[in-house]
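These notes are about the structure you will find just below.
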Amino acid sequence: MAGEISLDPARLENVKHLDNGAIRAACPACRAANSDKSGDHLLIQADGKFGCATHPDDREHRKEIFKLGRHPAFRCPVAQWQRQAFCLRLRLSRRQWQTCLSGLPLFQQGFSTASP
């Protein structure tokens, strides 16, 4: 996923584009905890990797950043692979397969997952 930004700058505050292609912004997780008053804790590198200056090794903090600032069109490749495996197990028709991959629940489309 090189070059794809997983965070949406429109969902962030105090966004500044740097000369090297990186983005500096307020960390949404820190702001939710009434921290990051200066608005510069978050750095998004040009390749899409991101991190908080005050919590560089905190995995839970990074998950919170992603949850709060995720780009709506970003799809995790692992989740997509898991969805494909799930859809394969259901033995669906071509139309049902496309619906399954889109992420919409099959019952909303009028499909039954029960075997005939």
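The values are calculated or read from the model by the stated rules, or taken from the named source; none is laboratory data. Being a predicted model, the structure only gives us computed values, none of them experimental. Cβ atoms come from the backbone with ideal geometry, glycine included; neighbour counts cover every protein chain shown.
Summary of computed values
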item	result
In segment 1-14, residue modelled with the highest pLDDT [restricted to those that are of a type outside the set (A, V, I, L, M, F, W, C) and in contact with a helix residue (DSSP H, G or I) (Cβ under 8 Å, 6 or more places away or on another chain)]	Glu13
Members of segment 15-58 found to be within 13 Å of Gly69 (Cα to Cα), part of a loop (DSSP other than H, G, I, E, B) and at pLDDT 90 or above, listed by number	Val15, Ala26, Cys27
